Amino acid sequence: MRLSTSGIIFVLAGAALIIAAYRFALPGLLPAGLLLLGLVLLSALLIAWGTRRVSIAMSTSLPEVALSRSRDRYPLAAEGKEVEIEARVTNIGQLAIPASTIDFVTAEGFGDSTSGEVPPLAHRASQTVLTSFTPNRRGVSGIEAVLITVHGPFGLVKMKRKVRGAFPVAVSVPVLGARIPQDSSIRPARLDEGKIRSGHTTRDFHTREYVPGDDLRHVHWPSTAKFGELMVRHEADEETLYALIVIDLAADEADAEPTDLEVEFLLAAAAAAGTAFLRADYEVFVVAPGHEIRFKGARDIDKLRLLSALVRPGRVELPAHDNPNHIVICSIGDQRGQELASHFSRRVPVTVRTLSEIGDMTMMGLSEDLPESWTTFESKRVGR
C-alpha cells in the first residue's frame, strides 16, 4: 500500500493541524487534523477490504492436453504463436470497487508482461479483460501471477496486491512441416509378404524375425533360408504399422552439453516426424529421456506436442525389444546417433538426425521451416 501525492499532503496537513492545536492551544484545529488523517485511514481500509474481495478466473481457447497416465493437464500453445488469455474479474464483496488495473506477470519464456484496465465494479459485477502473449521458449511457463492495483476513495491511497497465482501453459516447439514417402518403400523392408492358405480361403501374412516366446509352429522356412536367420509368420491383420522415434539429448563425450536452442531444434525435428507418421496412419512410439509413450492416430498429435514441451535434456534408454516399421533417431552428436542405430536390425529403415547436419542454428526460435533435408524420411538404411 502506498500513499498518493494527495494522501501525503493530507497526512502532513493533518499532523500539522494536530500539533498546532496542542502547541498553540487552538482546540478548533484538532477536529480538522483528525478528519484529514481519518480520510486517509478510511481510504486505506476500504481498498484493503475491497481488493480481498476480488476474484479472477482465467481461461483460454487453447486445447487442454494431458499425456497418457498423467493427471496433469495443460493448455497447449506453440512457440512463436500468439496466445490469447481471458481474465474475468468479479467483485464478490458487498462494497463497490473503484476503477483498477490488473497486471499479468509472465513466467520466463512466455513473452512480455501486460496490463489491463477494469472499470468500477458494483457488488457481484464482472468485467472481462482480454490479453495476449507470444511465447518464445518451449516448456511449461504461462502467467506467474495476477496483480490488481486499486486507488482508494478520494485518490489518497493506492494498493497493489496479488489476487491470483500461476496459470501454467505448456509451450511446444514450433509446429513445423514434414512428410513421409507415399509409396510402399516406407513399409518395413524386413517383411516377406505372402498368403496363408486355409481350405478355400487365403489370409495375408508377412514374416518377421523370431522373438523368444514365438510359437515354433509359425516358423516360415523359405524366409529363414533367404535371410539366414529364424523368421516366423505374422498375419497382416495383426500388425499395425508404427514408427519408433528416439530422442537422445546427451552430448558425445568430446562435445559440450547441448544448448537450449539445440535441444529445441532436435525436438522440433522429432515432433515434425511424429506428426507426419501419425497423419499417415502409423502408430508412433516415442522414447525420450524419462518418457516412453505410444501415440495412436492424428488425434494424439497434440499429446506429441505436449511431450515436446515436457522433455528434459538427458540420455535415453532404449526399449528392450521392438519391431518398428521405421525408426527416426534425433541425437546431439553423430557418434551417439550411430550407436543408437546399431541396436536395431539392418533391415529396418532408419533416419538419423544430428546437429552436425545443420550449418546455421539461428533459424530456430520463431522459424516456420526445418532444413529441407529434414522434411522427408528416406526408406534407405543407414550404415551400421
Legend entry - Extreme residue, nearest to the chain's Cα centre (by Cα), among residues of segment 293-302 that are farther than 16 Å from V246 by Cα and open to solvent by 40 Å² or more (accessible area, probe 1.4 Å): D302
Legend entry - Subset tally (residues that are open to solvent by less than 20 Å² (accessible area, probe 1.4 Å) and either over 21 Å from V350 (Cα atoms) or aliphatic (A, V, I, L, M) (or both)) for segment 260-277: 11
Inset, instruction - With the condition kept exactly as written, say whether any residue in segment 139-156 is surrounded by 17 or more Cβ atoms within 10 Å (Cβ to Cβ), hydroxyl-bearing (S, T, Y) and closer than 30 Å to A309 by Cβ. - result: yes
Inset, instruction - Select, from S70, S43, S59, the only residue that is open to solvent by less than 60 Å² (accessible area, probe 1.4 Å), on the phi < 0 side of the Ramachandran plot, modelled with pLDDT under 90 and outside any helix (DSSP H, G or I). - result: S70
Inset, instruction - Sort through E239, E235, E257 and tell me the only one that's open to solvent by 20 Å² or more (accessible area, probe 1.4 Å), within 26 Å of S68 (Cα to Cα) and modelled with pLDDT under 80. - result: E239
Legend entry - Subset of segment 73-107 that is assigned to a loop (DSSP other than H, G, I, E, B) and closer than 12 Å to V169 by Cα - its residue that is most open to solvent (accessible area, probe 1.4 Å): R73
Inset, instruction - Considering only segment 109-168, state which residues are among the charged types (D, E, K, R) and either assigned to a strand (DSSP E or B) or out of contact with any Phe, Trp or Tyr (no Cβ under 9 Å at 6 or more places or on another chain) (or both). - result: E117, R124, R138, E144, K158, K160, R161, K162, R164
Inset, instruction - Among the residues of segment 303-315, write down those that are open to solvent by 40 Å² or more (accessible area, probe 1.4 Å) and of a type in the set (A, V, I, L, M, F, W, C). - result: L310
Legend entry - Filter result for the condition that a residue is aliphatic (A, V, I, L, M) and closer than 22 Å to A77 by Cα, over V350, V286: V286
Inset, instruction - Would you check if there is a residue in segment 47-54 being more than 19 Å from the chain's Cα centre (by Cα), hydroxyl-bearing (S, T, Y) and in a helix (DSSP H, G or I)? - result: yes
Inset, instruction - Just name the residue that is farthest from V157 (Cα to Cα) out of those in segment 114-138 that are free of Cβ contacts under 8 Å to residues at least 24 places away in the same chain, in contact with a Ser or Thr (Cβ under 7 Å, 6 or more places away or on another chain) and surrounded by fewer than 16 Cβ atoms within 10 Å (Cβ to Cβ). - result: S115
Inset, instruction - Take segment 41-63 and flag every residue that is touching a Phe, Trp or Tyr at 6+ places or on another chain (Cβ under 7 Å) and over 30 Å from V11 (Cα atoms). - result: M58
Legend entry - Residues located in segment 316-337, provided they are open to solvent by 60 Å² or more (accessible area, probe 1.4 Å) and either at pLDDT 90 or above or hydrophobic (A, V, I, L, M, F, W, C) (or both): A320
Inset, instruction - Considering only segment 282-292, state which residues are buried (at least 19 other Cβ atoms within 10 Å of the Cβ) and modelled with pLDDT of 90 or more. - result: V284, F285, V286, V287, A288
Legend entry - Neighbours by Cβ (under 9 Å, 6+ apart or cross-chain): first from segment 148-161, without any contact (Cβ under 8 Å) to a residue 12 or more places away in the chain and of a type outside the set (F, W, Y); second part of a strand (DSSP E or B) and open to solvent by 20 Å² or more (accessible area, probe 1.4 Å): none
Inset, instruction - Would you check if P27 is open to solvent by 40 Å² or more (accessible area, probe 1.4 Å), assigned to a helix (DSSP H, G or I) and more than 30 Å from G290 (Cβ to Cβ)? - result: no
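The values are calculated or read from the model by the stated rules, or taken from the named source; none is laboratory data. Predicted, not measured: the structure shown is a model, and the values here were computed from it. FYI the Cβ positions are ideal-geometry reconstructions off the backbone, even for glycines, and counts take in every protein chain you see. The area values use the complete protein model at the heavy-atom level, side chains included, leaving out ligands, DNA and RNA. Shrake-Rupley method; radii C 1.70, N 1.55, O 1.52, S 1.80 Å.
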